[in-house]
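Below is one structure, written out as structure tokens; comments come after it.
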Amino acid sequence: MSLMRLLLQIEQELKVMGAWSVEAPSSCALASTEPFCIDTLEFPQWIQFIFLPKMSELVRQNLPLPESSLIAPMVEEAFRQELSRAKHLVELFESLDKLLSA
């Protein structure tokens, strides 16, 4: 599976889960220097407004991709209260981790 297709599937799954934001966070919230913008964004917002755009841009511009990825455990942790609902999202990130770490 291509990386871009996987990124689109992650976007779609966030929408299906109702975790897709219609409104963008403030520029200050997006400028956080903490990992996953943990101090300013909810994890789904980080995926939507930081991770997906950054990864999509790397693919579009044919720039080097990260050599490894371990985001699936963070997704699991972020959705631990509703893990059954987030099962497919976790699986998508597991696929992404494997693809980037191969």
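The values are calculated or read from the model by the stated rules, or taken from the named source; none is laboratory data. Remember, predicted model here, so these are calculated numbers, not experimental data. For the accessible areas, the whole protein counts, side chains as well, though only heavy atoms, and no ligand, DNA or RNA atoms are used. Shrake-Rupley method; radii C 1.70, N 1.55, O 1.52, S 1.80 Å.
Observations on the structure shown:
- Within the accessible area of the chain (1.4 Å probe), percent carbon and sulfur: 55 percent
- Computed [θ] at 222 nm, helices only, for the chain once each DSSP H run of length n ≥ 4 contributes -39500 (n - 2.57): -16500 deg cm²/dmol
- Area of Met4 that stays accessible when all protein chains are in place (1.4 Å probe, Å², to 10): 50 Å²
- Each 5 Å bin from zero holds the following percent of Cα-Cα pairs in the chain: 2, 12, 23, 26, 21, 13, 2, 0.
- For the stretch 58-72, backbone phi angles converted through the Karplus equation (6.51, -1.76, 1.60; θ = phi - 60°) give residue-by-residue couplings of 4, 5, 4, 8, 6, 8, x, 8, x, 7, 8, 8, 9, 8, 3 Hz, Gly and Pro being listed as x.
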